[in-house]
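> Can you keep this structure in mind? I'll have questions shortly.
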Amino acid sequence: MYFECPCSYKKELEQEDQIIQHIDHCEQFNNDSPLCNMYKRGNVDEVPIEQLVTFLCDLKLQVERIENVLRRRGYQKKITSFISELNFDHYAKYTSTSKIKSNNGGVKQNGITVKILSNNISNEKQKSSIEQENQNQNQNNKLPPTPPLSPNRFEEERNQDIFTAHQPTMLIEEQPKTNTQQQQQDQKVACEGCRKAFYFNQDFEKLWFLEHCGHVMCKLCIHRLAQEKFVENDGKVLCQEIGCISKITYFELKQILGLDKFNELDKKLALKNQNIVECIKCQSQFSFEKGNPNEQVKDQQGKNISGEALINYANNRFICKQCKTEQCKQCNAVPFHIGMTCQQYKTNQQANKCILCDFPCEGKVCNQEDCQKRIQKLCQKTLDCGHNCNGVKGEECLCLRCSKQEPDDYCNMCFTEALKSAPCIKTECGHIFHEECIMKKLDAKWNGPRIVFQYCTCPLCKKWLDVKHKEIQTKLNAASQLQLQIQDLCIERLDIEGMKQAKEITDPKSQYFQKPKEFAMDKFCFYQCFKCEKPYFGGIKNCQAAAENNDRTQFNKEDLICSSCCPISFEAKCNKHGVKYIEFKCRFCCSVAVWFCGGTTHYCEPCHSGRNPNMNKPCPGPEKCPLGVNHKPTGQENALGCALCRSKRVDDILKKN
C-alpha cells in the first residue's frame, strides 16, 4: 500500500516519517488538503484560546477514531500518536520555513499557558491547570510565535482503551472583555450558501466547516438544502461555493439535521427509488402512476396548460387514495400547482403575492375584480392566536390554521379555489366553506324540476346546514319551512292515493317501516309553481334512479304551473274543494299531467321528456285506461276533476264491495 501525493510523490505507508516530512514541504498537497484549507480560513492567530483548545481536543478525538478504524481493518504497523510531537505554525503563510516543529510544552497564547489533562477510563473528574506568565511580546516588531497544540497523556490513555472518547474540560481565566471589544477582535466569515457574515468566535455554533472542501456554511443553510435537494438529487447535497462540487457527507447531515430528520429524508429517498409515494397528510403509501402528458388540463383560470407545466403535471401530480388530497410528488405542494413547474411554484411562493389568489402583485391584494370584491367582505382582524381572520366581516371570526384546516385546501363546495381565496364560514358540524359558495348553493336550490333539499345539507357529512350567519340562516329557515309544507302535502297525498297501509310502511323488513313521512317524501314528487311559487303534486316517482335522471333533465321553470294557476272551465271546478286538487290529463297519453307548457298544453313527465313509448296512442277504453275515468280523446286538453273527491269515491266503492 502506497501514499500518493497530488504532486505524483509516492511512498510506502509504513514510511510515515518521510510522508509527514513531504506533506510538511509540499505546497500542492497543502493547497488541496481540506484540513489545511480549513486551518488557514480560520485565521487561528486571532482565535481565542478557548476556541483553539476546543479545536485541538476535537482533532485529537478524530485522530484516535481514525487509528481505531485502521486497527479494525488490519493495519498491523504500530501506530503512534503524532499530535503530541507537532507544532502547527499558522504563520507559515508569512515565511517559507517548515510548518511543523517539535514541541513538548503547553499551549501558549497572550501570556497564558494551558496544560490539558484528559479523562481516564475510571471517569475521574477532568482537571486543567492554568499558569499565567508575563512575557514580553514586542520582539523586533515580529509576529508572536504560534502556540503549540500538544495534549498531554493522550498516548497513555489511548493505550489503555482505544475506544475512549475524550472530552476535556478546561478552565480559562482571562481579563473580562466587553462585547464590543470581542466583536472588534472576532474575525468575520461568510456562509457560502446565504452569503451572510458571521463572527467566527461568537457565532461558531451556527457554522459548519465542510469535511471534503473546508468551505464554511451555516447550519441553517445546510438544513434548508437537505430538505430541498436530498430526495430530489438522490441523496446528494453539495457545497454552495461557486465552482465547488464537494458533497456534504451523510455523517455531517446526521450531525446537523439530527438522526430522526435524516432517517425521514432517507426513507423518502427509498420510496422515490421504488416509485412509491407517501401522502403528506395521512401518510398512506401506494405505487405512483404517471399521467398522460397529452391530456388536456386546465388551470384555475380555465386555460389549457402546456409545455413543461403539462409534463410536470403528468410526472408529479397524484391524489391520495385514502384521504383524496391532491398534491405534488416532488415538492409536496398541497394542492398541486397546476400550470407551474415546481421551480416556478417555488419562485412564485417567494414573491410578493395577493393574499387571496397568490397572483404576484405590489400591494396586499391584486387588481383582479374578484379579489377587489372579496377583500371588502374579508374580516382581516388579527386574532389572539396571531393569525389574520379568514371569516366574513361583521360575522363570527374564523382562523383556518387554528381550525386544523390548511389555507391552500380546496373548498369542498366549489372544488376550484383554495379556502384562503375568499371569506369563509364554519358550520356547526365543523366543516369550512366559502361564504359565497354557500350563498350560491342556497340561491340555486334544487337542480331539476322536483323539489329536493340536498342543497341545504353539508356536502361532507350530509347534515342540515347550521351556520352563525344572518343572511344564510334566513335562507335556511325559509327552506326549512318549505320542507315542512312538503311533508304535510306528502302525508295528505298518502290518503288521496290510498297508500296509508302500503307494504313499504307495514313490512318490518322495509326501510320505511312505520315511517310514513319518509316514505311519502321519497315516493311523491312535488314541483314549485312558477306563478304562485307554491308546491303542487307532480306524480309518483317510479324509482330513485329515474328521479335522479329526471333531475338532470333540462327544463323551463315557466312551464311548471299548478292547477290553481291554469285556466279551468267552470264545470271542472270542485264545489267542495275549489281548484286546489284539480288534476289534468296529459294531452298525449292517459297519465296525470305535471307540466303546463306555453300556457296551452299539459304534459306528464315521460311525454315532456320524450321518453314515453305510448305517446300519441289512443286510449284503450275506460276499463283498461290507467286513469280509470272517461276523458276526451288523446290530443285534447282535459281536466280530470278534483283528485280528493275522486279518491273518496274510490274508497266508498271499495267499502261497498
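> Label points 7 Å out from Cα along the Cβ direction at Leu220 and Lys463: separation in nm?
A separation of 4.4 nm, rounded to one decimal place.
> Stretch Ser33-Glu326 to full length: gain in nm at 0.36 nm per residue minus the Cα-Cα span?
Full extension of this stretch gives 100.6 nm more.
> Between Asn616 and Asp266, how many nm apart are label points set 7 Å from Cα along the C-beta direction?
8.0 nm
> Now a separate question. What length, rounded to one decimal in nm, is gained on full extension from Gln300 through to Ser403, with 0.36 nm per residue of separation minus their alpha-carbon distance?
Here the segment from Gln300 to Ser403 would lengthen by 34.6 nm.
> So for Ser246, Ser287, Ser563, fewest C-beta neighbours within 10 Å to most, what's the order?
In order of increasing Cβ crowding within 10 Å: Ser287, Ser246, Ser563.
> If R₀ is 41 angstrom, what is the calculated FRET efficiency for the pair Leu59 and Gln349, using the beta carbon separation as r and rounding to 0.05?
0.45
> Which pairs in the list Lys229/Lys254; Lys364/Lys426; Lys523/Lys557 are over 18 Å apart, alpha-carbon to alpha-carbon?
Checking Cα-Cα distances, Lys364/Lys426; Lys523/Lys557 exceed 18 Å.
> For the residues Val334, Val629, what sequence is obtained by ranking on other C-beta atoms within 10 Å, fewest first?
Exposure proxy ranking, most exposed first: Val629, Val334.
> Here's a follow-up. Quick one: if you stick a label point 7 Å off each Cα along the C-beta vector at Arg195 and Ser8, how many nm between them?
Rounded to a tenth, the inter-label distance reads 4.1 nm.
> Can you sort His602, His212 by how many other beta carbons sit within 10 Å, fewest first?
His212, His602
Values quoted throughout were computed directly from the atomic coordinates according to the rules given, and no laboratory measurement underlies them. Here the structure is a predicted model, which means the values were calculated and not measured. When we count neighbours, we look across all protein chains shown, and the Cβ atoms used for this are built from the backbone with ideal geometry, even at glycine.
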